[in-house]
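Visitor: Take a look at the following structure, please.
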Amino acid sequence: MALTTATRGAVFWKNRGGGIRSFLARRLSITLLTLFLVSLLTFLAFALIPGDPALLALGTEASEEQVLALRAEMGLDKGLAERYWTWLGKFLRGDLGNSARFRGASIAGMILERLPVTFSLAALSLGFMLLIAVPAVLVPVKKEGGIADRILNTLTALNISFPGFFLGVLFIWFFGIVLRLFVPGAYVDYRRDPLSFALYLVFPALALALPNAAILVKFLRAHILGQLKLDYVRSALARGAGRRRVLYGHVLKNAAVPGVTLLGMIVGEICAGSIVIEQVFAIPGIGRLLISSITSRDYSLVQTLVVYMAFMVVLANTLADIGIRIIDPRISAGSGGVS
């Protein structure tokens, strides 16, 4: 009897514990190196841009003594290397410091306040994406060339062509202004009214989900149709196996590996890439905070947010790699081959 995915995963973790430990160690090393390089490049980029963050924070009416005092408080009177290592050491200890732009507010507090907003938007977008993509892949692929197949091709092409922010503008115009299903810009805080908060996120989440769902459908559908033309499928059909059994028992399993890889990339993009959507719908999440911190040259806040976004992308791809090895333990990590 063929092993289920859960059983294969359990056997894999039991019999190949050493391999998975080595794999996780390599992935952790890559993650740490990536985050280090991201933090270093981000620091250098903003440190070398012309302008004085202390002067921007205090305004042009501030005296020279006030500017110099704030520069010393922010550590801007020290060399680049010393400033970077000081910031990195505090970051690793969990001391994210205070914002120079937002009246000395705690960076950790600002991020924690906005994380539920961005995570809720990402989770809702991911849910919409899967609800759209899974039926869209499975239904038309059974009847290639039919009416449903042609409609799906047209819709996926349209959604891929329209970026998320453009769909957001269309949603605001049509659903907000024309149909009056929501009030554009009337964001409701999740702590005050969770239901109204969730309802306001529906259209931003759809604007994020539709282009990514179209990409996932296009990719998986092409891979599944390619699998259906291979010899093992024709052999199974010739032996009397039904098309449905071959599709769900063999083809989808083989399509799962590249599908999980793409899904990991999409999840990372959704978690870290809602910047524009939050601006379009006036959602006070991590993305909008990043835009504000960049325009005000708030070094510490920018570096922390960029490292957070890099971590989300790397984490999503790492989880995707682990999922791939559980689905098919023969695949060697990092090579894409079969061990």
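Visitor: How many nm is it between the label spots at Leu199 and Val178, if each spot is 7 Å from the Cα in line with the beta carbon?
Guide: 2.2 nm
Visitor: Same structure, new question: Can you list residues whose amide H is under 5 Å from Asn98's amide H, if they're 5+ apart or on another chain and H is modeled 1.01 Å from N?
Guide: Sorted by chain and number, the residues that satisfy this are Ile107.
Visitor: May I ask for the net charge around Leu76, where only other residues with Cβ less than 13 Å from the Cβ of Leu76 are counted and Lys, Arg are +1 while Asp, Glu are -1?
Guide: Values: positive: Arg71, Lys78, Arg83, Arg297; negative: Asp52, Glu73, Asp77, Glu82, Asp298.
Result for the local shell: -1.
Visitor: Please give the charge dipole size of the stretch 110-327, origin at the Cα centre, charges +1 on K and R Cβ atoms and -1 on D and E Cβ atoms. Round to the nearest 20 debye.
Guide: I would put it at about 1000 debye.
Visitor: Per residue of the stretch 235-240, in order, report the coupling 6.51 cos²θ - 1.76 cosθ + 1.60 (Karplus, θ = phi - 60°) as ³J(HN,Hα) in whole Hz, putting x for Gly and Pro.
Guide: Computed from phi, the couplings for the stretch 235-240 are 5, 5, 5, 5, 7, x Hz.
Visitor: As I understand it, the dipole of the stretch 160-253 uses +1 on the Cβ of Lys and Arg and -1 on the Cβ of Asp and Glu, about the Cα centre. Which of Ala198, Gly164, Val251 lies farthest toward its positive end?
Guide: Farthest towards the positive pole: Val251.
Visitor: Tell me, what ³J(HN,Hα) does each residue in the stretch 279-291 have, in order and in whole Hz, if you take phi through Karplus 6.51 cos²θ - 1.76 cosθ + 1.60 with θ = phi - 60° and put x for Gly and Pro?
Guide: Result, ordered by residue: 5, 4, 9, 6, 9, x, x, 5, x, 5, 5, 5, 4 Hz.
Visitor: Give me the net charge for the shell around Ala186: Cβ to Cβ below 13 angstrom, other residues only, Lys and Arg +1, Asp and Glu -1.
Guide: 0
Visitor: Next question, about the same structure. Kindly write out, for the stretch 218-232 in residue order, the coupling ³J(HN,Hα) from the Karplus curve 6.51 cos²θ - 1.76 cosθ + 1.60 (θ = phi - 60°), rounded to whole Hz, with x marking Gly and Pro.
Guide: 4, 5, 5, 5, 5, 5, 5, 4, x, 5, 5, 9, 7, 5, 5
Throughout, read-outs are computed from the coordinates displayed, never taken from laboratory work. Not measured: the values here are computed from a predicted model. Note: ideal-geometry Cβ built from the backbone for every residue, glycine included; neighbour counts use all protein chains shown.
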